[in-house]
1. For segment 20-33, state whether one or more residues are touching a residue at least 60 places away in the same chain (Cβ under 8 Å) and either out of contact with any Lys or Arg (no Cβ under 8 Å at 6 or more places or on another chain) or under 23 Å from Leu92 (Cα atoms) (or both).
2. Out of segment 7-23, which residues are closer than 13 Å to Ala57 by Cα and among the small types (Gly, Ala, Ser)?
3. Within segment 32-96, considering only helices (runs of 4 or more DSSP H) that don't extend past its boundaries, which have at least 3 residues that are at pLDDT 95 or above and out of contact with any His (no Cβ under 7 Å at 6 or more places or on another chain)?
4. So, in segment 59-74, of the ones that are exposed (fewer than 14 other Cβ atoms within 10 Å of the Cβ) and in contact (Cβ under 8 Å) with a residue 24 or more places away in the chain, which residue ends up nearest to the chain's Cα centre (by Cα)?
5. Just to be sure, is Arg6 of a type in the set (D, E, K, R) and in contact (Cβ under 8 Å) with a residue 24 or more places away in the chain?
Amino acid sequence: MTAPTRGYTSTKDQLQARLRRIEGQVRGIERMVDEDRYCIDVLTQISAIQAALDKVALGLLDGHARHCMHEGAAEGRADEMASEMMAAVGRLMKRG
C-alpha cells in the first residue's frame, strides 16, 4: 500500500531536515540550562526555535492550501476543509 500524497510530500526530505535542525536546537537549549547559561541567552534560543517552527507551520499550511484543499474541493468538501484549516491557524495563533 502506498502512502497518501500530502501537501508536503514533494518537500518531505527538506521538511524532515528542518525538523532535525530544530530538534538539535532544542537539545542545545537543554545543554544551556545544564550549563547554567544566562537566562536571556536561553530565551533568545527559544525565540529562534519558535520562529523556525512557525516557518515550518507556514510551509505546511501553504502545502495544505495548494494540495489538500484543492483535492477536498474536487470532492465537494471545500467548506469542511476551509473550517479545518482556519481552526489550525487559530491554534497556531493562540501561543503566549
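1. No, every residue in segment 20-33 fails to be touching a residue at least 60 places away in the same chain (Cβ under 8 Å) and either out of contact with any Lys or Arg (no Cβ under 8 Å at 6 or more places or on another chain) or under 23 Å from Leu92 (Cα atoms) (or both).
2. Across segment 7-23, the qualifying residue is only Gly7.
3. Qualifying helices (runs of 4 or more DSSP H): 39-63.
4. Asp62
5. Yes, satisfied.
Residue by residue, here is whether (1) over 12 Å from the mean Cα position of the chain (by Cα); (2) exposed (fewer than 11 other Cβ atoms within 10 Å of the Cβ) holds:
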site: Ser10; (1), (2): yes, no
site: Ile22; (1), (2): no, no
site: Arg27; (1), (2): yes, yes
site: Asp36; (1), (2): yes, yes
site: Ala48; (1), (2): yes, no
site: Ala57; (1), (2): no, no
site: Ala88; (1), (2): no, no
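The values are calculated or read from the model by the stated rules, or taken from the named source; none is laboratory data. Given the structure is predicted, the values throughout are model-derived calculations rather than measurements. Don't worry about glycine lacking a Cβ; one is built from the backbone with ideal geometry, like all the others, and counts go over all protein chains shown.
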